[in-house]
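This report concerns only the one structure given below.
The values are calculated or read from the model by the stated rules, or taken from the named source; none is laboratory data. The structure presented is a predicted model; accordingly, all values stated were derived computationally and were not measured. So basically every Cβ, Gly included, is an ideal-geometry build from the backbone, and we count neighbours across all protein chains shown.
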Amino acid sequence: MKKDTSEFKDDFVESIVKKANRNVLNEDFENKLMATIQNTHTYKKEALSRLKKSMFYFFVGILLIGIYSLVSFIDKSIVSSSIGILSILTLFFSTIIAIVFMDNYKRLFKSMSF
Amino acid sequence: MEEIYINKVLSGDIEAFSYFIKTYKNMAFNISFSIVKDKQYAEEVTQDAFMKAFNGLKKFNRTAKFKSWFYRIVVNESFLRLRTLKKQKGFVSIEDQNDAILEEHFEDVSENHIDIINEVISLLDYKESLAIELFYLQEISINDITLITGWTKTNTKVILHRARKSIRQIWKETL
């Protein structure tokens, strides 16, 4: 034993504690735990992939709105195109938020039930 | 060896983590049991500790030993569970349990040698039983124990001294 542990060398105590029953986990502990880890990992991967897809569609949508706004601005008067753009933007964002929320909740409920 | 498996897990091979479960599950369980003194809770804490270790593997500082890092997680989770249990209504503290068991024990001493030893160990305070588990059974050095438990070196030595004294005292009283 090293210098700092030699003061605790105690054959009596060591003999007592080493004779005590050692607790052992169930055989299936490992399998259960690995299954939990796998499920958690798969869920996170899927959630991440869906989040990336959502973000992609969101930016495509923003881009399309931008292009449409530009075309409207050039083609019609400023006031009417502003109202039109605002309505479309509101509708677009509401739809995206609604879909994202519904989809996420559906996935969450499905994944929490395993 | 562990370095290889850590790299495998971090590169996406989840099955490689089973190496750590196989290697450390019983040790983690015993450490947890020395604190929470209940098999079911100890098993739950062990599972939580492994989950935490898996999720935190990216942040693991590889200059330290995996064993010390993981045991630190086990000890922290165990203390957290113990605190939660103490707050629950109706939870009997280890000290109260010990008094009750001691009284009962003096009236009916078991003839089985191993039973007596198990009884002696179970009567220890949770810090003392943890120190005994880590030092004498897991054969971890004082320095590593300070890393795992967060105790100072002096405190660790005091707890070990107390644990040895408690074992001798309880053993004497039992016999």
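Checking A:Val71, A:Val60, A:Val13 one by one, the residue that is modelled with pLDDT of 75 or more and more than 14 Å from chain B (Cβ to nearest Cβ) is A:Val60 and no other.
Total residues in the range B:45-61 satisfying the condition of being more than 8 Å from every other protein chain (Cβ to nearest Cβ), surrounded by 15 or more Cβ atoms within 10 Å (Cβ to Cβ) and either in contact with a Phe, Trp or Tyr (Cβ under 9 Å, 6 or more places away or on another chain) or basic (Lys, Arg) (or both): the figure is 5. For the range B:4-16, the criterion of a residue being away from chain A (no Cβ under 11 Å) and within 24 Å of B:Asp125 (Cα to Cα) is satisfied by no position.
So how many residues does the range B:32-44 have that are part of a helix (DSSP H, G or I) and more than 10 Å from chain A (Cβ to nearest Cβ)? Number of matching residues: 5. Among the residues of the range A:21-46, write down those that are at pLDDT below 90, within 18 Å of the chain's Cα centre (by Cα) and at the interface with chain B (Cβ under 7 Å from one of its Cβ atoms). Result: A:His41, single match. Do we have any residue at all in the range B:8-28 that's under 16 Å from B:Thr149 (Cα atoms), part of a helix (DSSP H, G or I) and modelled with pLDDT of 85 or more? Yes, that holds for at least one residue.
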